[in-house]
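Got a structure for you, questions after.
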Amino acid sequence: MLDKLRNFLKKTTEPEDDQTGFDATDRQLAQAALMFHVIAADGIVHDEEKTKLQQILEERYELTNSQAQQLIEEARRADSEAIDLYAFTRILKRQLSAEERLELIESLWEMVYADGEIHELEDNVVWRIAELLAINKRDRMEMKRKVRNKLELGRKQH
């Protein structure tokens with residue numbers, strides 16, 4: 001109980017932009033690492049992909065710009081040190097509801113489409129992550145269609 005109080009006091013007294021709040025079992029870090037893995041799957045991380053990742057993290061987790069940048073850096077590091085995707089999906093399968101796992105798959109498709117190209121390696125990574133998160137093919141493809149339709153609608157409006 002004393003440790004919980006110390007952690008609470010530490011979080012409330014540290015400046016917001018300086019705290020990371022991320023650790024190896026953190027679901028935010030696990031999700032960000034998977035998103036980073038998707039955008040890096042083709043070997044090139046485009047500016048559009050980085051921007052989309054930052055935007056999603058800021059919106060989804062209500063992070064400041066600097067907090068999102070820190071999370072992205074930690075996610076990049078975690079992804080580069082990970083042996084496989086299971087380390088991240090194991091955490092998420094336990095901590096996320098079925099709806100939250102679908103939202104993650106939707107975010108992964110947004111990463112795939114961020115640079116305007118669908119690379120087969122990125123597509124394959126989303127398929128593998130969905131499988132590890134127990135998302136069926138129909139739902140995975142529905143999330144893909146949803147993101148693609150949203151992007152096409154956005155292009156038509158501009």
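Rule-based calculations on the coordinates, nothing more; no lab input. Treat the numbers as computed from the prediction; the structure is a model and nothing was measured. A quick note on method: Cβ atoms are made from the backbone with ideal geometry, for glycine too, and the neighbour counts reach across all protein chains shown.
How big is the dipole moment of segment 23-157 about its Cα centre under a simple scheme where the beta carbon of each Lys and Arg is +1, that of each Asp and Glu is -1, and everything else is neutral? Debye, nearest 20, please. If you can, show how the numbers build up before the last one.
Numbers: 21 positive and 28 negative charges, 117 e Å.
My answer is approximately 560 debye.
Give me Rg/Rg_expected for segment 23-157, where Rg uses Cα atoms only and Rg_expected = 2.2 N^0.38 Å with N residues.
Values: Rg = 13.7 Å, N = 135, 2.2 N^0.38 = 14.2 Å.
Compactness ratio reported: 0.97.
I want to verify the translational diffusion coefficient of segment 37-79 in µm²/s; compute it with Stokes-Einstein, Rh as the Kirkwood radius over Cα pairs, at 4 °C and 1.567 mPa s.
Working: Rh = 10.6 Å.
So the translational diffusion coefficient is about 123 µm²/s.
Over segment 35-115, calculate the relative contact order: mean separation of alpha carbon pairs under 8 Å at least 6 apart, over the residue count, as a percent. Let's see the in-between values first.
Details: 43 pairs, mean separation 41.0, N = 81.
For segment 35-115, the relative contact order is 51 percent.
Further question on the same structure: Would you kindly state how much longer the chain becomes between Asn136 and Ser80 on full extension, computed as 0.36 nm times their sequence separation minus their alpha carbon distance, in nm to one decimal?
Contour length minus the Cα-Cα distance gives 17.4 nm.
What full-extension length gain, to one decimal in nm, is calculated for Lys156 and Asn124 as 0.36 nm per residue of separation minus the Cα-Cα distance? Don't skip to the answer; put the middle values down first.
On the way: separation 32, 0.36 × 32 = 11.52 nm, distance 2.81 nm.
Full-extension gain reported as 8.7 nm.
Starting from the Cα of Lys93, step 7 Å along the direction of its Cβ; do the same at Asn149; then give the gap between the two resulting points in nm.
With each label point 7 Å from Cα toward Cβ, the separation is 2.9 nm.
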